[in-house]
DNA sequence: AAAACTTTATGAATCGATTCAGGCTCGATT
DNA sequence: AATCGAGCCTGAATCGATTCATAAAGTTTT
């Protein structure tokens with residue numbers, strides 16, 4: 001076990017530990033000769049900085065915690081990737097936690113990040129966690145909400161306008177001739193779900209003609225829950241079935257699509273149109289290519305991490321809300337019937 | 001800024017710092033009365049253990065690094081999830097790094113994990129990184145290869161028998177009447193790719209009748225590369241096109257499928273059969289439900305983390321190779337033509 | 001040539017949890 | 001009564017990087 005410390009490097013280079021530390025952290029203030037000698041020693045001894053000691057003394061961490069709602073969802077995979085890219089520019093690594101829409105897991109991860117004294121936390125929250133985040137802030141750990149608008153402005157956030165997205169999706173369904181629309185989504189503890197529903201409601205109410213909007217609740221935003229919801233819809237008498245579905249995300253939509261296709265009684269898009277949300281890369285490759293509301297997922301991750309770093313650099317900064325606009329992507333699943 | 005230390009807790013509880021530490025780490029050796037007082041003080045002051053100090057002194061870390069080949073691939077999402085589940089049992093968090101098949105990023109992450117002195121590293125490697133892992137081992141950081149057999153047995157590994165998987169996939173294609181098979185995959189620095197190809201070759205050579213097996217190389221294992229490969233195959237004169245494709249993973253397969261469907265000249269499975277590898281959850285929801293070789297992804301993650309923890313507990317353990325068998329999942333994309 | 005700066009280097013003090021040799025109490029053993 | 005051991009507690013030393021007051025050497029200004 002090597003265990004080469006800064007002291008060994010100093011000795012080998014014939015300088016003091018302070019100088020080695022300076023070479024590591026502010027090489028500009030050290031003579032070129034010393035820099036060279038120290039770097040040689042580091043090379044020769046295979047020295048690797050001990051991050052624990054550094055963190056303890058300097059109080060700065062090089063890791064950022066990311067609490068994700070659903071690690072299985074490619075959308076979050078893309079967001080994390082964006083954050084990772086931005087972080088690697090400044091040597092920041094991501095400590096990763098997947099809550100799977102479970103508040104207990106959410107708490108556990110936040111506790112862990114607190115012990116780790118991460119530089120900051122990115123989180124796509126489940127339910128209301130402001131109090132918890134306030135406590136982290138009191139400890140000097142900033143937080144940025146991801147994919148979720150911070151209504152009270154207590155924290156910065158990077159999100160997509162889910163209300164607008166919901167509205168656009170349903171307006172599109174109406175424009176293509178649908179009048180009996182089902183919103184499939186849940187749980188309603190997830191803000192994005194309620195926002196998308198609110199947008200859908202607004203679109204239905206503002207339509208020129210009468211539009212029915214019903215809500216089909218799901219337990220989670222997964223393919224399996226989508227398939228289950230699809231089965232329930234199929235089981236209804238023909239007259240009570242909707243002629244369009246707006247699913248709260250693409251996983252649900254793909255599950256619904258699967259259920260509808262396997263059953264075969266209702267054709268997409270002829271009998272029933274289907275639109276999702278997120279535009280994950282698999283939406284285009286679906287059995288019937290899926291219309292969706294595209295979110296700039298990677299950009300969301302990049303932006304969130306950038307803001308987080310800015311805030312940790314200057315804690316006086318006022319929280320700001322960054323909202324991207326979603327984009328309607330029309331594919332076969334919402335083609336108008338003839 | 002609170003900054004409550006173990007010293008404050010000790011004072012508040014009227015005991016020494018050593019006792020507080022004992023309550024935290026081996027409560028059995030402390031009187032019930034002291035435990036109670038210390039826990040009250042912790043509660044009252046809102047004390048949170050400083051992991052950096054703990055790590056520095058005790059030399060044990062509660063994080064494990066996970067270097068993943070392709071964070072976009074849901075397969076790895078599942079594997080990470082498995083590791084996370086297993087880790088949460090013992091309070092282990094995952095430090096996450098996505099290399100995107102880039103050796104430079106791979107190195108960067110390993111450096112970072114070394115500085116962080118993680119408990120151990122799980123890695124699905126690109127190319128040959130044994131030397132690098134040996135160095136980590138010399139520093140007391142164990143590593144377990146994920147989704148990759150360790151040929152020389154220098155490290156433990158948890159993988160799926162890719163050769164067998166490749167063989168089974170191609171045997172299935174042959175059994176359903178295909179004779180001109182294309183293997184689509186790459187880059188060949190990725191061991192899984194070469195293994196799956198080797199299995200495919202074996203199946204082709206052992207077939208009763210003559211079977212053609214050609215290789216269509218791709219730059220990466222992504223949907224986009226799959227679509228590009230599909231375009232190249234379509235562009236050929238009809239007589240030179242294969243009647244079946246074995247794609248090195250499902251992302252490629254979905255890309256291929258997309259290209260074939262958009263073009264429309266070759267129907268899947270009638271003109272050309274298609275099978276992938278991994279059985280990601282989107283395979284079943286594809287335009288033509290995709291046959292695939294299923295890997296027990298979550299189990300791979302769980303097992304890998306368990307082995308890693310066992311090895312860090314006892315460094316004398318001999319590396320062991322855990323190999324799961326893949327399972328053929330037949331769907332519409334390889335239905336025999338009539 | 002003295003004074004006033006600059007530049008660069010030094011090394012002890014520090015961060016907070018853990019460890020461990022040593023101390024105290026009290027009941028059991030001789 | 002002396003000795004021993006079990007049980008529990010104490011607090012100084014420690015891990016390794018950073019910081020900062022201090023000093024030494026070199027340069028410019030007066």
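The values are calculated or read from the model by the stated rules, or taken from the named source; none is laboratory data. These numbers were taken from a predicted model, which means no experiment stands behind them. With ideal geometry, Cβ positions are generated from the backbone for all residues, glycine too; neighbour counts draw on all protein chains shown.
Could we say that residue A:221 is assigned to a helix (DSSP H, G or I) and buried (at least 23 other Cβ atoms within 10 Å of the Cβ) here?
It is false that residue A:221 is assigned to a helix (DSSP H, G or I) and buried (at least 23 other Cβ atoms within 10 Å of the Cβ).
Looking at B:82, B:91, B:46, can you tell me which residue is closer than 26 Å to residue A:50 by Cβ and either away from DNA strand D (no atom under 16 Å from the Cβ) or in contact with a helix residue (DSSP H, G or I) (Cβ under 7 Å, 6 or more places away or on another chain) (or both)?
B:91
Residues to consider are A:97, A:91, A:77; find the one that is surrounded by fewer than 21 Cβ atoms within 10 Å (Cβ to Cβ), at the interface with chain B (Cβ under 8 Å from one of its Cβ atoms) and within 20 Å of residue B:96 (Cα to Cα).
A:91
Tell me, please, whether a residue that is away from DNA strand D (no atom under 16 Å from the Cβ) and outside the structural domain of residue A:249 (by TED's automatic domain parsing) can be found in the stretch A:8-30.
no
Here are some residues: A:203, A:198. Which one is away from chain B (no Cβ under 14 Å), surrounded by 17 or more Cβ atoms within 10 Å (Cβ to Cβ) and either under 23 Å from residue A:329 (Cα atoms) or more than 26 Å from the chain's Cα centre (by Cα) (or both)?
After applying the criteria, what remains is A:203.
Taking the stretch B:59-77, which residues are within 16 Å of DNA strand C (Cβ to nearest atom) and under 14 Å from residue B:298 (Cβ atoms)?
Residues satisfying the conditions do not exist here.
What about residue A:53, is it touching a residue at least 60 places away in the same chain (Cβ under 8 Å) and either farther than 21 Å from residue B:96 by Cα or within 12 Å of chain B (Cβ to nearest Cβ) (or both)?
no
Could you grab the pairs with beta carbons closer than 8 Å, sequence gap of 6+ or different chains, first residue in the stretch A:147-170 and at positive phi, second one crowded, with 21+ Cβ neighbours inside 10 Å and in a strand (DSSP E or B)?
That search, which allows pairs on different chains as well, returns A:147/A:158; A:147/A:159; A:147/A:160.
Give the number of residues within the stretch A:238-275 that are assigned to a helix (DSSP H, G or I) and closer than 28 Å to residue A:72 by Cα.
Qualifying residue count for the region: 14.
Among all residue pairs at least 6 apart or on different chains, which show Cβ distances below 6 Å where the first residue, located in the stretch B:1-24, is within 14 Å of chain A (Cβ to nearest Cβ) and the second is assigned to a helix (DSSP H, G or I) and within 7 Å of DNA strand D (Cβ to nearest atom)?
Hits for this filter: B:6/B:17.
What are the residues in the stretch A:100-117 that are more than 7 Å from chain B (Cβ to nearest Cβ) and buried (at least 20 other Cβ atoms within 10 Å of the Cβ), if any?
Correct list: A:106, A:109, A:110, A:113.
Name the single residue that is farthest from the other protein chains (Cβ to nearest Cβ) among those in the stretch B:290-319 being assigned to a loop (DSSP other than H, G, I, E, B) and surrounded by 21 or more Cβ atoms within 10 Å (Cβ to Cβ).
Result: B:295.
Quick one: how many residues across the stretch A:23-38 are buried (at least 17 other Cβ atoms within 10 Å of the Cβ) and near DNA strand C (Cβ under 6 Å from one of its atoms)?
The qualifying residues number 2.
Mind checking whether some residue in the stretch A:248-268 is in contact (Cβ under 8 Å) with a residue 60 or more places away in the chain, surrounded by fewer than 24 Cβ atoms within 10 Å (Cβ to Cβ) and in contact with a helix residue (DSSP H, G or I) (Cβ under 9 Å, 6 or more places away or on another chain)?
Yes, the stretch A:248-268 has at least one match.
Kindly indicate whether any position in the stretch A:39-52 is closer than 24 Å to residue A:143 by Cβ, within 40 Å of the chain's Cα centre (by Cα) and within 16 Å of DNA strand C (Cβ to nearest atom).
For the stretch A:39-52, residues closer than 24 Å to residue A:143 by Cβ, within 40 Å of the chain's Cα centre (by Cα) and within 16 Å of DNA strand C (Cβ to nearest atom): present.
Could you figure out which of (1) buried (at least 20 other Cβ atoms within 10 Å of the Cβ); (2) within 18 Å of residue B:46 (Cα to Cα) isn't true of residue A:146?
So residue A:146 meets the others, but not (2).
In this structure, is residue B:336 outside any strand (DSSP E or B), more than 14 Å from chain A (Cβ to nearest Cβ), closer than 20 Å to residue B:162 by Cβ and out of contact with any helix residue (DSSP H, G or I) (no Cβ under 7 Å at 6 or more places or on another chain)?
So residue B:336 does not fit the description; no.
Let's see how each residue does on (1) modelled with pLDDT of 95 or more; (2) assigned to a strand (DSSP E or B):
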residue: A:143; (1), (2): yes, yes
residue: A:152; (1), (2): no, no
residue: A:164; (1), (2): yes, no
residue: A:167; (1), (2): yes, no
residue: A:181; (1), (2): yes, yes
residue: A:189; (1), (2): no, no
residue: A:204; (1), (2): yes, no
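Given the condition under 30 Å from residue A:136 (Cβ atoms) and more than 8 Å from chain B (Cβ to nearest Cβ), answer yes or no: does some residue in the stretch A:26-37 qualify?
Yes, the conditions are met somewhere in the stretch A:26-37.
Can you find a residue that is part of a loop (DSSP other than H, G, I, E, B), in contact with a helix residue (DSSP H, G or I) (Cβ under 9 Å, 6 or more places away or on another chain) and within 14 Å of chain B (Cβ to nearest Cβ) anywhere in the stretch A:119-139?
Yes: the stretch A:119-139 contains one or more residues that are part of a loop (DSSP other than H, G, I, E, B), in contact with a helix residue (DSSP H, G or I) (Cβ under 9 Å, 6 or more places away or on another chain) and within 14 Å of chain B (Cβ to nearest Cβ).
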